[in-house]
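Novice: Dropping the structure in here first, questions after.
Every number in this text was worked out from the coordinates using simple rules, so none of it is lab data. Just so it is clear, the model here is predicted, and its values are computed rather than measured. Cβ placement follows ideal geometry from the backbone for every residue including glycine, while neighbour counts extend to all protein chains displayed.
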Amino acid sequence: MTLPPLSITDDMRNRYTQGWRASEELLIELHRLLYTYKPRSILETGPGLSSILFYEYQLLNPGTVYISLNHPSEHHKIFIDHMVELGFDVSTAHEAPLVDGYYDVSAVPEDSKFDLFSLDGPPDSQDRASESAMKFFKAHCHVGSIFVQDDTNRQAETRVITDMCAYLGRSDESIKVLQDSFYEHRTSKVLLPVE
């Protein structure tokens with residue numbers, strides 16, 4: 001299968017980040033996941049450059065649900081300004097202050113299930129795999145859900161992937177590790193569905 005070209009330019013990489021940004025390896029993998037698995041529902045926490053991929057995918061695939069949760073408030077405001085500047089509909093991008101150590105998920109419909117979770121942050125939390133976060137993931141995933149977790153060089157982020165792997169009954173072979181070529185200590189992990 002031929003993927004459409006990755007549309008994130010160097011200008012976007014420089015303009016639309018707030019000190020942190022997704023690695024090139026992560027962006028390429030998210031791009032591949034979108035066009036290989038064709039998710040109809042996407043939840044992103046800690047949006048940024050990857051959001052451009054999700055918004056473009058949504059435009060090419062009408063009916064796709066894309067929801068993003070962002071914290072802190074100043075990051076959210078900058079993110080909204082950037083996405084509006086690029087012409088995207090930001091009506092499902094929500095400011096989500098911390099509640100019990102994780103994003104406020106009240107903007108997410110209770111009965112929603114997501115095909116793809118793209119997870120990063122929140123920056124002010126020490127336990128990104130908190131009980132409330134894991135309860136939320138379990139309530140909103142299904143047997144084929146894909147989880148992408150950035151910064152898995154940190155223990156809590158790795159725990160999100162390993163816990164969801166066990167919860168979904170997948171083997172460790174379902175976990176793909178992405179090594180950041182710029183920051184050598186930084187990794188991301190992808191929990192793929194069973195083929």
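Novice: Classify region 113-195 as rounded, prolate or oblate, taking a ≥ b ≥ c as the square roots of the eigenvalues of its Cα gyration tensor: rounded when a/c is under 1.5, otherwise prolate if a/b is larger than b/c and oblate if not.
Specialist: Numbers: a/c = 1.93, a/b = 1.21, b/c = 1.60.
Taking the square roots of the gyration eigenvalues as a ≥ b ≥ c, region 113-195 is oblate.
Novice: Projecting each Cα onto the charge dipole of region 26-119 (Lys/Arg +1, Asp/Glu -1 at the beta carbon, about the Cα centre), which of Tyr35, Ile80, Val65 comes out farthest on the positive side?
Specialist: About the Cα centre, the residue reaching furthest to the positive side is Tyr35.
Novice: Quick one: if you stick a label point 7 Å off each Cα along the C-beta vector at Val143 and Asp127, how many nm between them?
Specialist: 3.2 nm
Novice: Enumerate the residues in region 40-71 having an amide nitrogen under 13 Å from the point lying 7 Å beyond the Cα of Ala107 toward its Cβ.
Specialist: Correct set: 43-48, 66-71.
Novice: When the chain is treated as a GNM, springs tying every alpha-carbon pair under 10 Å, which of Glu74, Glu95, Glu44 comes out with the largest mean-square fluctuation?
Specialist: Highest fluctuation of the listed residues: Glu74.
Novice: Could you run the Karplus curve 6.51 cos²θ - 1.76 cosθ + 1.60 with θ = phi - 60° over region 66-79 and give me ³J(HN,Hα) per residue in whole Hz, x for Gly and Pro?
Specialist: 10, 10, 10, 10, 9, 7, x, 3, 5, 5, 4, 4, 5, 4
Novice: In debye, nearest 20, what is the charge dipole magnitude of the chain about its Cα centre with +1 on Lys and Arg Cβ and -1 on Asp and Glu Cβ, if you could check? Each step should come with its number before you reach the end.
Specialist: Numbers: 17 positive and 30 negative charges, 82 e Å.
About 400 debye.
Novice: As an exercise, use a Förster radius of 41 Å and the Cβ-Cβ distance of Glu85 and Gln155 to find the FRET efficiency, rounded to the nearest 0.05.
Specialist: On the way: r = 36 Å, r/R0 = 0.89.
It comes to 0.65.
Novice: How large is the helix-only mean residue ellipticity at 222 nm for the chain, computed as the sum of -39500 (n - 2.57) over DSSP H runs with n ≥ 4, divided by its residue count, in deg cm²/dmol to the nearest 500?
Specialist: On the way: 6 runs with 68 residues, N = 195.
Here the helix-only value at 222 nm equals -10500 deg cm²/dmol.
Novice: Another question, if that's okay. Read through the labelled values [x] 41, 41, 37; [y] 58, 36, 32; [z] 79, 35, 26 and report the label of the one computed as Cα extents along the principal axes in Å from the structure.
Specialist: The listed entry that was calculated here is [x].
Novice: Out of all DSSP beta bridges in the chain, what portion is antiparallel? Express it as a percent rounded to 5.
Specialist: Looking only at bridges with both residues in the chain, the antiparallel portion is about 40 percent.
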